[in-house]
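The structure appears below as structure tokens.
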Amino acid sequence: MPTRYLDPKVDLAFKRVFGEHEHLLRSFLNALLPLPDDGQIESLEYLTPEQVPELPGLFKNSIVDVKCKDARGRTFIVEMQMLWSTSFEQRILFSASQAYVKQLHAGHNYASLQPVYALALTNQVFDRATPEYYHHYQIVRQHEPRRVLEGLEFVFIELPKFAPQSRTDKRMQVKWLRFMSEVGDMPRKAETDPDASWREDPDIAQALELVEAAAFTEQELEAYHIQIDKARIESTVLEDARAEAKAEGKAEGKAEGEALGIAKGKAEGKAEGEAAAKVQMVRAMHASGLDLVQIAQITGLSRQQIDDLLVP
């Protein structure tokens, strides 16, 4: 019988691999972050996750995070985002900035501050303007990008876009991204893949052992499937709500605007259409089983506004 593996992008499996095994997280970060040859991570210490505010559009069941610090004092924040939201960028920026500021204890000077690296992997495409899946951000001088303001660096990776350029590419970055992208499809893909050499790397091999279904208890497997179901429901509701709101707002705005025949009419008609679409969106989410807190996170509306929209 083929070996069954859990999807490492899901919270339970992700943290089993990277939240409990320092050497695997170290290998993962060294492979995916743009660190210089003389700046490779040699050891890591796990940190307690920092408290960050709930932001509209974020699902608490869809975010996985691991925080750690190396021997040089550099901080690394790793986030696995199952569902993309523009608010996710705000969360990453807030979390990294907070980690940078919190280094400065009483009696210390600014020279003691060490860099903070934020690595965010997403299971959805967020930048459709480019085929690139690896996005590296730094604070640079506008007219001279080679001048970098050190301190904060961000890497966003769109996993759905990733595909190895060659099936024989042996770089660790490719091996780890294949682990994150393909293991969720195992055993169907992995058992028929003629190139199994990437899975023979010691770190990858151990990571695969850790996400074998047989390594989890029945209770853990049940929790894993609940996490998958929640992410699937959230994704469906969010996509349907966005599509419906966009279509309804566009249709209503166009019809009303054309009827009035003036720019003001178009604007007012579009606004009314968007308002009607928002009502339908909120009611659809509520009917799908989402509670008021989740609806508020998606829409940015207050609890009172949601209550008002749910009134027939």
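The values are calculated or read from the model by the stated rules, or taken from the named source; none is laboratory data. Please read all numbers here as calculations on a predicted model, not as lab measurements. Every residue, glycine among them, receives a Cβ derived from its backbone with ideal geometry; neighbour counts consider all protein chains shown.
Structural remarks
- Checklist (1) under 16 Å from the mean Cα position of the chain (by Cα); (2) part of a helix (DSSP H, G or I) applied to F179, failing item: (1)
- Selection within the stretch 10-39: residues that are small (G, A, S) and part of a helix (DSSP H, G or I). The member of this set that is nearest to the chain's Cα centre (by Cα) is A13.
- Taken as a whole, the condition of being at pLDDT 95 or above and of a type in the set (A, V, I, L, M) does not apply to V174.
- Taking residues in the stretch 16-32 that are within 15 Å of T75 (Cβ to Cβ), and partners anywhere that are among the aliphatic types (A, V, I, L, M) and part of a loop (DSSP other than H, G, I, E, B), the pairs with Cβ atoms closer than 7 Å and at least 6 places apart or on different chains are R26/I41; L29/I41.
- Flag for R91 being more than 21 Å from L177 (Cα to Cα) and among the basic types (K, R): yes
- Looking only at residues of the stretch 24-81 that are modelled with pLDDT under 95 and of a type in the set (F, W, Y), we find that the one that is farthest from E209 (Cα to Cα) is F59.
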